[in-house]
1. Inspect all residues belonging to the stretch 179-190 and state whether any of them is farther than 18 Å from E242 by Cα, buried (at least 18 other Cβ atoms within 10 Å of the Cβ) and of a type in the set (D, E).
2. Mind checking whether some residue in the stretch 119-138 is within 26 Å of E317 (Cα to Cα), among the basic types (K, R), touching a Ser or Thr at 6+ places or on another chain (Cβ under 7 Å) and at pLDDT 95 or above?
3. Pick from the stretch 57-79 the residues that are at pLDDT 95 or above and among the small types (G, A, S): which of them is farthest from D413 (Cα to Cα)?
4. Could you list all residues from the stretch 402-444 that are assigned to a loop (DSSP other than H, G, I, E, B), modelled with pLDDT under 95 and either over 19 Å from the mean Cα position of the chain (by Cα) or outside the structural domain of D274 (by TED's automatic domain parsing) (or both)?
5. Within the stretch 282-301, does at least one residue satisfy the condition of being aliphatic (A, V, I, L, M), over 28 Å from Q400 (Cα atoms) and touching a residue at least 40 places away in the same chain (Cβ under 8 Å)?
6. Return the residues of the stretch 107-137 that are within 23 Å of the chain's Cα centre (by Cα) and hydrophobic (A, V, I, L, M, F, W, C); say none if nothing qualifies.
7. Determine whether L416 is crowded, with 18+ Cβ neighbours inside 10 Å, in contact with a strand residue (DSSP E or B) (Cβ under 7 Å, 6 or more places away or on another chain), within 27 Å of D75 (Cα to Cα) and not small (G, A, S).
8. So which residues in the stretch 365-401 are basic (K, R) and either under 20 Å from L338 (Cα atoms) or in a strand (DSSP E or B) (or both), if there are any at all?
Amino acid sequence: MRALVINWMLPSKTVDNSLPQPSGTREPTARLESISLRWLSMVQPWRAGGAVLLAISLLVFAQPVYPLAERLGADVQALLAGGPRVAGSAAAERASAYLGEQYRAAGYEVEIQPFSFEKFNDLGSSLLVEDERLKGRALSGSIAGNAATAAVVVPGVGESADFARVDVKGAVAIVRRGKIPFLEKARQAAQAGAVGLVVVNSQDGPLMGTLGGKAAIPVLGLSGKQGSALLAGKFPKPVQLEVRTEVVSLTGRNVIARLAGVSTPQVLLGAHYDSVEGAPGANDNASGSAVLLESARRLAGTPLARRAWFVHFDAEEEGLVGSRHFVRSASAPLIKALRGMLNFDMVGVNEKLLVGGTPELVALVEKSVSAVQKVRPSNASDHASFAAAKVPVLFFHRGQDPNYHQPGDKQVDPRLLEATVEAALGTVGALLPPALSESPERSL
């Protein structure tokens, strides 16, 4: 089929002061915008009842005030301004308010969906070895506890056979991270008679992990830098393990944006906006939130916006709590109507855009969007909550970041965010070909 390009010349005479305005950028000026519909891949044959129809997604991408990358960068900075957006914190609430303001300015209705959840906090846990106190972090879900006793290094990674090679009865067991889940290490240690467990990270940075279940003994995580000497050494004196924890009840807030009257969307675009304690969360995940917000701005005024919801999830870092609450609270018709859930997480660092998820949707992306790389599905982000409800999903990300969950997570590349927006819009256009009642004129 021959490719089709449609161009308009539209006057840009108004300035939307509700949009983030980066410092140091030029003053907005009225000008003509040449808007090209670049998605030739969206012009696809669609067979229905033997007739070949053209599924043409006519999307108008006007950028009347600032270059797109600058606006994306401004959104990221606005989300970072209040500090780490830990679920249930004032900073997270301010971030949700910012997102709501931006969606209303773009013409969407906004619902703040509150939910309660329990949060695990470490109150200052450590391991005292002779005269040196090694400050670590209790693995999330660990019970509190203290033990002044011998320490025993367990060979391997803490499997049953590893514990069989040493005597840890009444002792604090020390194991390496790796191969098996933290919970299995803890249960093997308890079964072998240990009164506490220390897990040493495989990297120099701190270990911030989750047990994912109940263990009978306290579990402390140490950085690889702190723990490497422990793994190699012997302990002439007893050590003192102190694990101090609490569980508090907090309120999270999902931000749901939709056009008036849209009750059963066919596609849901999502991203979490919370971050972990101590990490500004630029890439994880102000990047995905900025991409989601900009995608909604670009779709506003098109028929596709009437077939979509945009949801920013809270408490993803606490175990996908916000997205799980959303799915549990959603009506059966809403879940059934979804052709796909698109999730954006950590998309501001690394050149290659990776995509995984439901095979049929991944194949659709590969055909419709350039410069994406297929990867194995992962359950480490909010799309997993929808996949569990049998909703087809796509997970867009750019791989590991050296500043993941670290204080250095302060910057993203707006150019990569812009490319991710293009991928998001291309995917939506491919997933939702125009209904028969939608003429190109209505799409303008």
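The values are calculated or read from the model by the stated rules, or taken from the named source; none is laboratory data. Just so you know, these numbers come straight off a predicted model, no measurement behind them. Cβ atoms come from the backbone with ideal geometry, glycine included; neighbour counts cover every protein chain shown.
1. yes
2. yes
3. A78
4. Hits for the stretch 402-444 are P433, P434, A435, L436, S437, E438, S439, L444.
5. Yes, the stretch 282-301 contains at least one residue that is aliphatic (A, V, I, L, M), over 28 Å from Q400 (Cα atoms) and touching a residue at least 40 places away in the same chain (Cβ under 8 Å).
6. V110, I112, F115, F117, F120
7. On the way: crowded, with 18+ Cβ neighbours inside 10 Å: yes; in contact with a strand residue (DSSP E or B) (Cβ under 7 Å, 6 or more places away or on another chain): no; within 27 Å of D75 (Cα to Cα): yes; not small (G, A, S): yes.
In short, no.
8. Here is the first cut: in the stretch 365-401, the residues basic (K, R) are 367, 374, 376, 390, 398.
K374, K390 - these are the residues of the stretch 365-401 that are basic (K, R) and either under 20 Å from L338 (Cα atoms) or in a strand (DSSP E or B) (or both).
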